[in-house]
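Since the structure comes first, as structure tokens, the remarks are kept for the end.
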Amino acid sequence: MTVYAYVDGPLGEMLLVGRLAEGGRAALRSLSLPGQKGAVGVEDGWTHAPGAFEEVAGQLGEYFAGRRDRFDLALATDGGTAFQQRVWAALDEIPYGTTVSYGEIARRVGSAGAGVRAVGTAIGRNPLLVVRPCHRVVGADGSLRGYAAGLERKERLLGLEGAGV
């Protein structure tokens, strides 16, 4: 069963979508921000279940308060291509408070050179903003490039982590 909830945060009202798991908790499938490119919208048949996302909301609150540098959540990330899954796994390995270039991610997934553009596309399709730290990926020169929820939000997240650019 697909469940959803809205959680307020410093970047706006976040839409959480998940699959109901044992114990009434949701395995997180998507986290979207207002105005995000490619954001998920609530669909017919989904159930509003804020209680299923208590752990997610709590960890997000700790992160935004500067008391959490890593998420430990049940995820339901069964979507995406094999390539996207490799890119997203590489994002999960970027330490809190650091940044890496798109080229470095391409190298990590074995797609250097022309693959940088494909990596950028895969990162842009990350369904788990904030939780899967695509905001930690920057241009080769260290500049902010691309973020589905806007560069201002990317800058705020990096600033929160002490990785301002």
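What follows draws every value from the coordinates through simple rules; no lab data is involved. Nothing here was measured: the structure is a model prediction, and the numbers come from that model. Backbone-built Cβ (ideal geometry, glycine too); neighbour counts: all protein chains shown.
The candidate values were (i) 49, 35, 27; (ii) 44, 33, 26; (iii) 64, 31, 28; the one computed from these coordinates for Cα extents along the principal axes in Å carries the label (ii). Comparing mean-square fluctuations of Gly115, Gly45, Gly150 from a GNM of the chain with C-alpha springs under 10 Å, the top value falls on Gly45. Model label sites at Glu54 and Ala89, defined 7 Å from Cα along the beta-carbon direction, differ in position by 3.4 nm. Springs between Cα atoms under 10 Å define the GNM used for the chain, and in it the highest mean-square fluctuation of Asp92, Asp44, Asp78 occurs at Asp44.
Per residue, what volume in Å³ does the Cα convex hull of region 34-122 take up?
On the way: hull volume 12.5 nm³, N = 89.
Each residue corresponds to 140 Å³ of Cα convex hull volume.
Taking GluC sites (Glu not before Pro) in DSSP loop conformation with at most 12 other Cβ atoms inside 10 Å as exposed sites, the chain has its longest uninterrupted site-free stretch at 94-165.
Using R0 = 45 Å, the C-beta based FRET efficiency linking Arg19 and Ala140 works out to 0.75. Mind running the shape call on region 21-83? Use the C-alpha gyration tensor, a ≥ b ≥ c as the square roots of the eigenvalues: rounded below 1.5 for a/c, prolate if a/b tops b/c, oblate otherwise. Cα axes put region 21-83 in the rounded bin.
So which trypsin sites (Lys or Arg not before Pro) in region 56-86 are both in a DSSP loop and have at most 15 other Cβ atoms within 10 Å of their Cβ? Could you put the intermediate results ahead of the total?
Values: sites: Arg67, Arg68, Arg70, Arg86; in loops: Arg67, Arg68, Arg70.
Sites meeting the loop and neighbour criteria: Arg67, Arg68, Arg70.
Evaluating 6.51 cos²θ - 1.76 cosθ + 1.60 at θ = phi - 60° for every residue in region 9-18, the Karplus couplings come out as x, x, 9, x, 6, 8, 9, 9, 10, x Hz, glycine and proline recorded as x. Please report how far the C-alpha centroid of region 65-142 lies from that of region 14-57, rounded to the nearest whole angstrom. Centre-to-centre (Cα) distance: 20 Å. Where only DSSP H runs of four or more residues are counted, the chain gives -8500 deg cm²/dmol as its mean residue ellipticity at 222 nm, each run worth -39500 (n - 2.57).
When the chain is treated as a GNM with alpha-carbon contacts under 10 Å, the residue of Ala27, Ala140, Ala148 showing the greatest mean-square fluctuation is Ala140.
Let me have the relative contact order for region 105-165, percent, based on Cα pairs under 8 Å that are six or more residues apart.
Working: 38 pairs, mean separation 12.6, N = 61.
Contact order relative to length: 21 percent.
Between beta-carbons, use under 14 Å as the cut-off and find the net charge around Gly41, counting Lys and Arg +1, Asp and Glu -1. Don't skip to the answer; put the middle values down first.
On the way: positive: Arg29, Lys37; negative: Glu13, Glu43, Asp44.
Taking every other residue near Gly41 into account, the sum is -1.
If R0 is 25 Å, what FRET efficiency do you get for Ala74 and Trp46 from their C-beta distance, rounded to 0.05? The computed FRET efficiency comes out at 0.90.
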